[in-house]
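Worksheet: the structure to be examined is printed underneath.
The values are calculated or read from the model by the stated rules, or taken from the named source; none is laboratory data. Every value quoted in this text rests on a predicted model; they were computed, and no experiment measured them. Heads up, the Cβs are rebuilt from the backbone with ideal geometry, glycines too, and the neighbour counts pull from every protein chain shown.
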Amino acid sequence: MTVEWDQIKILNEITNAAQSASKEIATNTERDIRINLQRHGGGGSISNNINMVKSKFKGGGYLVGVMGPIVGKWEDSIEGKATFFEYGRSARGKATQPTGQRPQQPRPFIRPAKTKNERKANPIYRKFLE
């Protein structure tokens, strides 16, 4: 009696399961980023540019984040605004001057979503591989 394994079929099934799990994790992360942003009082242009895109890298997967065009100064772009929202900003000039900006405390909305979904990743992968 012989047993024959179709390795290509098995590898394809594993790859499909990993892609499905990655998509679910990325979808959950995108949802949590939006929830965290709203919790901290953010929205508008940052919220409209939170995206999940399929990675073009060889390993595949998904990228989740605030993605928008950079036109003019980086600080004025969508990604710049999101970075200042996430990490805070120090005052440029004196806060009492009309043109100066007041310091802004960090209001993380991406890091907590990433951390939360990293912890949930292994159970999701297990679910798809069973």
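When you check S22 against the structure, is it part of a helix (DSSP H, G or I), modelled with pLDDT under 90 and of a type in the set (G, A, S), yes or no?
Details: part of a helix (DSSP H, G or I): yes; modelled with pLDDT under 90: no; of a type in the set (G, A, S): yes.
Criteria not met by S22.
Quick one: K81 ticks every box in (1) surrounded by 13 or more Cβ atoms within 10 Å (Cβ to Cβ); (2) closer than 30 Å to E130 by Cα; (3) among the charged types (D, E, K, R) except a single one, so which number is it?
(2)
Cβ-Cβ under 6 Å, sequence separation 6+ or interchain: first residue in the stretch 1-28 and without any contact (Cβ under 8 Å) to a residue 40 or more places away in the chain, partner exposed (fewer than 11 other Cβ atoms within 10 Å of the Cβ) and of a type outside the set (A, V, I, L, M, F, W, C). Which pairs?
Qualifying pairs under 6 Å: none.
How many of the residues making up the stretch 1-19 are acidic (D, E) and either in a helix (DSSP H, G or I) or buried (at least 16 other Cβ atoms within 10 Å of the Cβ) (or both)?
The qualifying residues number 1.
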